[in-house]
Amino acid sequence: MTLEALIFGGIGTLAEVAELDRAAWNAAFRAHGISWNWSWDTYAELMRPGGDRQLAARYAAHLGESVDADLLDHTHQNHFATMLAGGVPLRPGVARVMNWAARGGVKLALVSRSDMEPVRALLMATARARGGVPFDVAILRGDVTRMAPDPEAMEAALIALNLGPARALAIVDTPVALHAARDAGLRTLAFPGRLAETEPEDFEGMTIAHALGPEALISAWRGESREAAE
């Protein structure tokens, strides 16, 4: 059996975008005259459990306030796309791995809780750095009804790839994505981003990459636990 596909479990596995996402939310609040201003700690806590599309709705419920969460979410996604289009560097080793996969015939999939516009903006902004290597499959928030840690998106990626979980590896940057991948039966490589800083224990015993590289991918897919600093 050979490794036939890599599933990137969120745009945070491609680029460190959490701070831009937080800024986009705060810009949306200002645009609609709402006095909220999420600190990093507030944003990280809202992101930690995953499971829904509506951070604003959950935060409003916590405060006992009423807002148009759908409108806020739409404005946030637009601001986020604009910020991403301004340019963002790929995380260490991402371009190397994507080119390695393309040369070896390993398919590439992206799973994201974002809408099409932010994802398109990120991919356009990083196309040159990736050497133009595209994704074969993209499963975005509009393609599923349940968000990570539910495995629906990961399972949909496998269906689109026409592969069983044993033939693919998920690259995950947060515990939420990790749980979704594991529940879909996938082996995983931990590539923790900033949002995972408060929960490092979730990645204990796993292959952990601080920079992506083929050796770490193969090690994780084979189920070998080790620290991998490519």
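The values are calculated or read from the model by the stated rules, or taken from the named source; none is laboratory data. Keep in mind that what you see is a predicted model, and the values were worked out from it rather than measured. FYI the Cβ positions are ideal-geometry reconstructions off the backbone, even for glycines, and counts take in every protein chain you see.
General observations
- Taken over segment 159-184, residues that are over 21 Å from Phe203 (Cα atoms), in contact with a Leu (Cβ under 9 Å, 6 or more places away or on another chain) and touching a residue at least 40 places away in the same chain (Cβ under 8 Å) amount to 1.
- If the condition is being farther than 15 Å from Val17 by Cβ, in contact (Cβ under 8 Å) with a residue 60 or more places away in the chain and either crowded, with 19+ Cβ neighbours inside 10 Å or among the aromatic types (Phe, Trp, Tyr) (or both), then segment 79-97 contributes Gly93, Val97.
- Condition check for Asp115: surrounded by fewer than 20 Cβ atoms within 10 Å (Cβ to Cβ), within 19 Å of Ala138 (Cβ to Cβ) and within 14 Å of the chain's Cα centre (by Cα): yes
- Test: residue in segment 207-223 that is over 18 Å from Ile11 (Cβ atoms), buried (at least 16 other Cβ atoms within 10 Å of the Cβ), modelled with pLDDT of 95 or more and touching a Ser or Thr at 6+ places or on another chain (Cβ under 7 Å): no
- Within segment 120-141, residues that are within 19 Å of Ala157 (Cβ to Cβ) have Cβ atoms under 9 Å from residues that are part of a strand (DSSP E or B) and among the β-branched types (Val, Ile, Thr) in these pairs: Val137/Ile7; Val137/Val111; Ala138/Val111; Ile139/Ile7; Ile139/Val111; Leu140/Val111, counting only partners at least 6 apart in sequence or on another chain.
- Here Asp70 qualifies as without any contact (Cβ under 8 Å) to a residue 60 or more places away in the chain, farther than 21 Å from Leu110 by Cα and of a type outside the set (Phe, Trp, Tyr).
- Scanning segment 6-17 for residues that are crowded, with 22+ Cβ neighbours inside 10 Å and not aromatic (Phe, Trp, Tyr) gives Leu6, Ile7, Gly9, Gly10, Ile11, Gly12, Thr13, Leu14, Val17.
- Selection of segment 97-124 for residues being closer than 28 Å to Pro149 by Cβ, in a helix (DSSP H, G or I) and out of contact with any strand residue (DSSP E or B) (no Cβ under 6 Å at 6 or more places or on another chain) yields Val97, Met98, Met116, Glu117, Pro118, Val119, Arg120, Ala121, Leu122, Leu123.
- Scope segment 28-45; condition buried (at least 17 other Cβ atoms within 10 Å of the Cβ) and under 18 Å from His74 (Cα atoms); matching residues: Ala28, Phe29, Trp36, Trp38, Tyr43
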